[in-house]
Structure formats: structure tokens, C-alpha cells
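Below is one structure; the comments refer to it alone.
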């Protein structure tokens, strides 16, 4: 790591590390029926990266929304260095206090240029000098090591670059506290590395960074301190060196962690010829540019597609479900040839598909939890056979109980649930259709550790009851725990299939890296 | 005990305030209050006789129920279109002219041939109007659903061309139907003192209610309106559903057109149902439905239509001149829309809560 590039010399940085740039004391916030935050303290020092950890519903989002003026707090005090106690009632006031936020979903204008996005809404004068603006933006981006042309349209940049532009905008607005809310969940590895580089650079400049993420690896790679919340209460603040991973997880869950050990690869071994595959495809391909591939899954089997982001694993399962336009291939379900070109045809064949992007392809935001649960089965049942309200509520209650979904009632709009609970609702929706073959694309993304474990256990339980499951996850260890066969993809083609002893991190990595190394 | 019930009614009230139907209900309440204070005779209903000796009820309330019918029927279709496609059909006025023209053409035969004798049963004319209106609805629907054109732009085509098409159907003649039986549908059935359009509106509403109750139309339309991608992945065909709502609106247009023509036994291509598209959109908005699509309440839209008619009738009653009517209407509508804005409603319902909580704590201490 290079020494602090400019702004501060070594000694000053050390001084600043001691000084807290933000102090939150005794924060209380409740919503109808929920005490979201109870007496939470949080301290952020200048020049540190501070992880805010906790399960869904622990109060992370609420704390951040209180800090950024989205929600008013019920009681408590917020102090900013050099400014004393501040009242933050709106995002604008937060901005003025030097607090900037970069959300998971980027809140910039995709149709404007990079430079316009950086300076939007901050013009002092009335006239815009485009050349001056682009020049300033260029200097700023250069100083942060972000390689993008200021005149490029934001929408044409990768998500990672868009995020960095959002950060650049924050930095240029003289922010002392930078909040990064799940910034890495849609980035691939090299993009994450670039983001971390930028974060470390900002740390050297004395910015205090609050980092919210579900990836434990990333926390240990980049953070200095961790604050853990659970059920709206502060569990504690820890130096990263003093808190091993296992302890962190157990603090987040509030119990000693032997649960992980429960999930073991106790999947029965199939004699290959004894069963007809539940689903079988030959030469399947779609308009999304995957190379034709063969695939099968047997009754009660859990398999998975693995590969880097963009390797084509999602596109493969979308082709199986008919979610993209299928351009070729022969498909058999239970040995009988069928045509699956539309989701409804897949559903009639007994398939279910939980999509990767929950917000875009999973939830119907304004509809109630009940309607979201019954939707797929209702569509499958038919236009003229609606369930009575009582029947629908019964279905919904059944899965709310089975999956332990935390919702105020069946009438609550799904969008007001936490991410993990939304995911469980979608899972419940597909389980309700009693599929023979369920495809789960990133079911554990962006949700808390506890729910992740629950979902993995559920997958194994369903398989033991005879359901076939395809499970995709960016976290390889999750796949190793659940899958008995892994299909490895690279550059939109299937490059290998791993079973039995081959199922180790190393083999997977080697297969993914494959030919490029030789 | 008392304290408990206060709290309960408080939460019930604030819960009701969150429901969208509260907007048209509150508007009706306000208008009623205004009329009660200003002139209670507004609500007087008299039993009169027509020239033919039929008993009929007259009065402002009857006028509202009568004249609001076409708008209420259109609001049903417009609500579905809005919910599914997140846009509005601005061609309904022009489409009413077309459907009216079709009815005249069927009843009177080729232009110039009409001699006072109906050339076809009224029922047949009505069915023909339905078929033609649904074809035009399908035209709009396919532009929106399959070609993905903005609803307002797509329906602008028919909005522009519709009245010319209507004139062309009857070769720009305006035949007047002298058969009494035809005027029943826009006036009174013999022996029934309540105007027929109101019955037709009620029948349409009941049929719609039954469709929403006994099919999945409501769920499908809302799903597609909220999240098209998810809907597709759950086996729905979003294009087909959007298309269908435009065809259904076509049906509503035919019924409205039928009433409109029956009222005057003829039609004027350039004047009939003028600006009714804006009123229909307004009815949907007054019902608290998001014009960007998604969740909807059919009853709220229909009530919204009657609120508009109530307002118009009230203004007429207070001798507002027809030419300045729109300005007055606009003022009231602005007030209603502001009151119905989610931000304002949220404030109101928390105000109700605050008003109730000191009352309940006082009850407990006593």
C-alpha cells in the first residue's frame, strides 16, 4: 500500500484515527409493533473502514436511515466532529453534515453523463460550462484512480464504475462519513478489488467509511472495526483482529455456532442408470448467447451451476425454465419429450424457478404477502379458478409458518418486508406449486446468515423428500454443502462436471480457471 | 372499557384513512355538507309525470345518478387499462362517437334510407356497436401491448381520427330515431320512475364485480401493472393481459355510447362525449388509483365518477354558468387531488392517531 498520496502526512493520519468523526448515542427508533433500535451506540473514527454487521432485521438499515435523515429517530443524539450535536431530518441535512450514502441500487441518473452525475444539483452559478465541468470531473476521477471518461453516459458503464462514480460524487461533496450499503453484491471479483482499492485510498484521506455487507470474506479483507447489531440492540464494537469469523457469526446469530456443521453433504449416491432423469435437455440454447449444452437432473438430486459472474450460469437455468427465448434443443421431462419455451409451459411440467434478481424478477412489490405466495399456483390453476380469500390465506399462513416468514400479516405489502423474508415468500410461492424440479438462482444473495443456513437446510430436506433442485450461489462453500454434482461454466459454455471427491474448492477453482492457465 | 374502544376506533379510522376509497367518500361527504348548509332543498326528490303519463322521480340526486352513468361505466374500463398498462386511453370520447354512429347506421339503414321504421332490432344494433368498439379497443391494445407504444401516444391516433370515422359511417348525416322504444335506455322504462342509465351502470358494476370475484382478472392485471418481468416468470402473458384490458374498455365504450345516443335519439359527431376521456381519467385518479398502474380499487373509481357528476350538478344548482363551469371544477379537483396525495393522507392519519391518544389516556386515568 502506498503512503497517503496527498492531503495528510503520516502523523496527521494517526491523529485522525484516534478522533471520532461520528458519534451516535442512545438511538431509539420504533415502528408500529417493532422496536427497530433500542439504545444503540455507534462510533466511527476518521480514517477507518467500519463494518456494520447483523442479520436481516437486526437494525442495520434502520440505523443508516436514521443517520441519513430518511427516518426521524425517537430519541438519541448524533454528534459530528467539529459540528457538535446535529439534527438530521432530511437527506439534504445529512449531506450538509458531511454524510453521504451509496446504496446497493445506484440512485444516479443513468441517462446523464458521468460528469453530469457528479455535479448534478450542485451548481453554484446558473450557467453550466460543460468543458469546465468535464475537466473538473476528469481531475477528480483521475485522483481517485477511476478509469472512465467524464463524457460517457452512465448507463453504459458497468455497475462497479457506476458505484465508483457515486462515491466520487460523495467525495467531491466533502464527505467525512461515507456509507456503503451492500456495494459489492452485484460486482464480480475484480470489480470488488477495484472498489476496495478506492475504499482504502479514501481511508488514507481520513474519510470514515461505514461498510454494510453480507460477505464475511470482504469484511475481513478490508475493515478495521466491526459493530454488531442484533434484534435492534447493540451487541458490541470490536477490533477486527480480536474477532475471529466464527465468533462474529455467533454474535450475529446470538447462539454458539454448531448449526453450520449440521449441514453436511449426506446426499445419497445414485446408481446412474437406476432413474430416468426428471428433467433432461440436449443441445439447449437461448437468445442470451449461451453455447448449446446438455443437462439432466435425477429425482431427489441437488446439483448446481458454478462459474464466475457472467459465465452463463443464470442464462442456462433461464433457458431451462423458458424465461429467455429458447432457440434450440430437445427437452424431456420424466422421459417424455416436451416443449418448454415459456415459463407457463415449464410450470405445467412441474418446474419452479426462483430468479436471481429478487426485486426485478421476484417480488410484486405492492401486492400483499398472500397474493405473492399464491401467484404462481394461481396462474397454474387457471384464470377461471381463483382461490377464495380464506383458501388463499390458508395457503399463505401455511408457508409463513413453514418458512418462519416474519411479516405483520398476510395483507402486508411484500415490499415492506426485509430482504430475507421477501426471499422466503418467493420460495414459499414456488413450494406451494409442489414442483418436481425447483431451480434456485442465488437464493441466498443479500440475505442474512441465519436465513442462508435455513435455505440450505431446506434444500437438502426437499431433496430427501424427492424433489430435484438446482442450486446456484456465488458462495462456493454453500454449493459444496448442498450439491452432489456441479456443472462448471466458463465464458457461456459448460466446461466440466464435478462429482464425489472432485467437489472441493480447489478443483472448482481449477476447472473454472481451466484452459487459460495452460 | 371505553378507553379500549376509543383506541380501537382510532386505529380503525386511521386504517380507513389509508384505504383509497376514503378519497371519493370524503369528497361526497364534503359536497353533501356544503349542500346541506348552503341549501338543503338540493336533496329534494319529487315524483312527476312524463307526457306519456309515466311516473318519474326528479331532483338533483336523481340527476347525479342518471348523468353520472356513462362516466361510471367508462371508469370501470379505464381503471383496468390504467392498472395493467400504467397509462390511459384518451380516445374513449372519439370511440363513443364511432359506436353511436354504428348504432344509428344499423337502426336506420344506409344513409338516406331511414323512414321512421327501425331497420333492425335495437339489440342487434347494440351488439354491432360492441363488436366495433372492441375492434377499436383491440387496435389500441395491440399498439400498447405488442408494439410497446406509450398508451397516450397510441390512443392519440384514434383520438384524432375517431370523430371523422364516426361521421363517415353515416355519410355525415344525422338521422333522428323517432321510435320511442329506443329512448328507454337513455331515459325511463315505462312504469319505472328511476332513470334507466343508472340501472345499466349498476348492471355493469355488478358484472365487473362478479368477474373480479370469480376470475383472476384483478390479480393478473395488478401483477402485470406492478412488475411485468416477475409476472412473466410466474407464467402470465403480460402482453395478452394488457391487450385484454383495452378490449374490455372497448366494451365499456359501446355501452356508454349506447346510452348517450339513446338520450337524444341521435348524435352530433363533433360534440358527443366531448372531453369525457379526461373526466374518465379524473374519475380513476379521484378514486385514489395510481395513474402509473398497479393496485386498483374498482369501487373507488366508480365512486370517483359520481363525485365528478355530483360536483357538476352542485355547481349548476348554484347557477355557475356553463362556460365557467370548468374553472370551478378545476379548483375543486385540485383540492381533492391534494387531499388524496399519499403524503397528505399519511399526515392526516397520524393526526387522527394523535387526536385519539390523549383522549384514550384521559379515559384510562378516569
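For the pair residue B:344 and residue A:327, a Förster radius of 45 Å applied to the C-beta separation gives a FRET efficiency near 0.30, rounded to the nearest 0.05. For peptide B:214-221, the mean count of partner chain Cβ atoms within 10 Å of a residue's Cβ comes to 5.
Packing here is the average count of other Cβ atoms within 10 Å per residue, and on that basis the peptides A:333-342, A:478-487, A:462-471, highest first, run A:478-487, A:462-471, A:333-342.
Give me log10 I(q)/I(0) at q = 0.07 Å⁻¹ for the protein assembly as shown, Debye formula, one equal scatterer per alpha-carbon, no solvent. Once normalised to I(0) and log-transformed, intensities are -0.72. Take each residue in B:222-232, count the other chain C-beta atoms within 10 Å of its C-beta, and the mean is 6.
Over all pairs of different C-alpha atoms, region A:356-434 has a mean inverse distance whose reciprocal, the Kirkwood radius, equals 12.3 Å. In chain A, helical runs assigned H by DSSP with n ≥ 4 each contribute -39500 (n - 2.57); averaged across all residues and rounded to the nearest 500, the mean residue ellipticity at 222 nm is -10500 deg cm²/dmol. Its relative contact order, with pairs defined as Cα atoms under 8 Å and 6+ residues apart, puts chain A at 15 percent. Among B:167, B:300, B:283, the largest mean-square fluctuation in a Gaussian network model of chain B, built with springs joining Cα atoms closer than 10 Å, belongs to B:167. Taking every DSSP bridge with both residues inside chain A, close to 55 percent are antiparallel. Scoring A:38-49, B:304-315 by mean Cβ neighbours within 10 Å over their residues and listing the highest first yields B:304-315, A:38-49.
Taking the fewest neighbouring Cβ atoms within 10 Å as the starting point, the ordered list for A:245, B:345 is A:245, B:345.
Once C-alpha pairs closer than 8 Å and six or more residues apart are averaged by separation and normalised to the residue number of chain B, the relative contact order reads 33 percent. Residue exposure proxy: B:209, A:430, ordered by other Cβ atoms within 10 angstrom of their Cβ from fewest to most, comes out as B:209, A:430. Dividing the mean sequence gap of close Cα pairs (under 8 Å, 6+ apart) by how many residues region B:68-272 holds gives a relative contact order of 42 percent. With a 10 Å cut-off around each Cβ of A:380-390, the average count of Cβ atoms from other chains is 3. Mean-square fluctuations from a GNM of chain B, with a 10 angstrom spring cutoff on Cα atoms, peak among B:224, B:81, B:344 at B:344.
Counting 0.36 nm for each residue step from residue A:128 to residue A:336 and taking away their Cα separation leaves a gain of 68.3 nm.
With the simple model of a label 7 Å out from the Cα in the direction of the Cβ, residue A:90 to residue B:180 spans 6.8 nm.
Highest GNM mean-square fluctuation among B:250, B:93, B:235, for chain B modelled with Cα contacts below 10 Å: B:235.
Where a number appears in this text, it was derived from the coordinates with a stated rule and is not lab data. Everything quoted here is computed from the prediction, not taken from an experiment. Using ideal geometry, Cβ is built from the backbone for each residue, glycine included, and neighbour counts are taken over all protein chains shown.
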